[in-house]
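Working notes for the structure below.
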Amino acid sequence: MRLVRGLYNLPSGFAGCVATIGNFDGVHLGHQELLRTLRQQGERHNLPTLVILFEPQPKEFFAPQQAPARLASLRDKLRDLTGTSQYPGVDYVLCLPFNQSLRSMSAQQFIQQILVDGLRLKHLIVGDDFRFGCDRSGDYRALQSAGEQFGFSVQDTPTLELEGERISSTRVRTELLTNNLARVGRLLGRPYRMSGRVGYGRQLGRTLGAPTANVLIARSKLPLNGVYAVQVRDDDTAEEYLGVANIGVKPTVTGEPEPSLEVHLFGYNDNLYGHHLTVAFMHKVREEKKFPDLDALKTAIEADFNAAKHYFAAMPGAFRGQRTTEFSFLTK
């Protein structure tokens, strides 16, 4: 897969594509089915497949305070769009900056400049409720009409349901907030996960007998909060571990509003600074809580570790007290 930042960075001589447009937040089962349909159309037209993304996402541009928490960072989203053994990846991701210039572009300009002149589009897959252009003036019917004029076809996105409800990123967020991680796993086709590089923190965990890796996630909002039993992959070494993660604002230590993700790996004592980790949330141990002092926090941490080990021990063959290589959900 090739990431193209901005229309002007398309390869010279770009000969057309089949494409879709969307946020692809979380790349859930509905997105995966769309990617299968896109691949089929690419093979039918003998053209590469392409996904159009916007950064920031439109809701983040128009109303950043009201925009929902992202399920995935751009890096995580791009990783998921490369595909797995369960669904095909795409050939190109075109990431367009959502700025005042793009926001002011009329529907006709978007079609002409981006889809026709830029991408030489032959087939487009979007939802029938898709809106685009200044003041959301463009819709599915406008695309169909333009397709007849410029020679590209338009197709509605396939609908996929789980337990009678449409699969969507909004539904995944709702299930995360209600702590239904099992259902989240069914919606995504894998456990929910976040990733980031390990940076320097306050190093308080070492004084409490629980050294942690401070995973830099660079988010203002979080889709989940609390203490979790986690499975962790070191993306630099391909080693995999079991552990406990605290995701939230660390109220006992500083009460700082900046979200953080700290992970303790069972049986690991080496230096992780600079490593990129992927953290999969398997089971919620408890809500984040403010404790009266550090002694109470230390007692709670010991209880968290025991609870996580009990959870993993109930998974046949999964817990060895140290590292594990039995992580099929991270295997492509």
_Under-5 Å amide H pairs with T212, H placed in peptide plane, nonlocal only_ = G205, R206
_Reachable aspartates and glutamates, given that their alpha-carbon falls under 19 Å from the alpha-carbon of K122 and they are not under 8 places away in the same chain_ = E43, D91, D139, E148, D156
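Given a Förster distance of 22 Å, report the FRET efficiency between S153 and Q113 from their Cβ-Cβ distance, rounded to the nearest 0.05. Kindly include the intermediate steps, with their values, before the conclusion.
Working: r = 20 Å, r/R0 = 0.90.
It comes out at approximately 0.65.
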*May I ask you to evaluate 6.51 cos²θ - 1.76 cosθ + 1.60, the Karplus curve with θ = phi - 60°, for each residue of region 49-61 and list the ³J(HN,Hα) values in order in whole Hz, giving x for glycine and proline?*
9, 8, 10, 9, 10, 10, 10, x, 5, x, 5, 6, 6
*G22's amide H: which non-local residues (gap 5+, or another chain) put their own amide H closer than 5 Å, with H modeled 1.01 Å from N in plane and none for Pro or chain starts?*
I52
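In the structure shown, do any of K77/K289; K221/K309; K77/K298; K289/K309 have a Cα-Cα gap over 26 Å, and if so which?
Working: K77/K289 31 Å; K221/K309 29 Å; K77/K298 36 Å; K289/K309 20 Å.
As for pairs spanning more than 26 Å Cα to Cα, those are K77/K289; K221/K309; K77/K298.
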*In the chain, which longest range has no chymotrypsin sites (Phe, Trp or Tyr not before Pro) that are both DSSP loop (not H, G, I, E or B) and surrounded by at most 15 other Cβ atoms within 10 Å?*
15-199
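Summarise the accessible area of region 2-162 (1.4 Å probe, protein heavy atoms) by the percent that is carbon and sulfur. Intermediate values should be presented prior to the final figure.
Working: 3480 of 7560 Å².
Carbon and sulfur together cover 46 percent of it.
Accessible area per residue, 1.4 Å probe, Å², for region 8-85: what's the number?
Working: 3340 Å² over 78 residues.
With all protein chains present, region 8-85 gives 43 Å² per residue.
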*Please state, as a whole number in µm²/s, the translational diffusion coefficient that the Stokes-Einstein equation yields for the chain at 37 °C and 0.692 mPa s, with Rh defined as the Kirkwood radius across alpha carbon pairs.*
152
*Taking a spot 7 Å from the Cα of T82 along the direction of its beta carbon, which residues of region 268-283 have an amide N less than 14 Å from it?*
276-278
_Inter-label distance for R44 and Y8, nm, one decimal - labels placed 7 Å from Cα along Cα-to-Cβ_ = 3.6
*asked:* On C-alpha positions alone, give me the angle between the axis of helix 294-313 and the longest principal axis of the chain, in degrees, nearest 10.
replied: 70
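For E258 and A303 in one chain, what is 0.36 nm times their gap in residues minus the Cα-Cα distance, to one decimal in nm? Numbers along the way, then the final one.
On the way: separation 45, 0.36 × 45 = 16.20 nm, distance 2.54 nm.
My answer for the length gained is 13.7 nm.
Please figure out what share of the DSSP beta bridges in the chain is antiparallel and state it in percent, rounded to the nearest 5. Each step should come with its number before you reach the end.
Values: 39 of 61 bridges.
Around 65 percent antiparallel, to the nearest 5.
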*Each label point is 7 Å from the Cα along the Cα-to-Cβ direction; what then is the distance between the points at L74 and M1, in nm?*
1.4
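The values are calculated or read from the model by the stated rules, or taken from the named source; none is laboratory data. Source: prediction; values computed, not measured. Because the Cβ atoms are built from the backbone with ideal geometry, glycine has one as well, and the counts that use them run over all protein chains shown. Note: accessible area is taken over every heavy atom of the protein model, side chains too, but ligands, DNA and RNA are not part of it. Shrake-Rupley method; radii C 1.70, N 1.55, O 1.52, S 1.80 Å.
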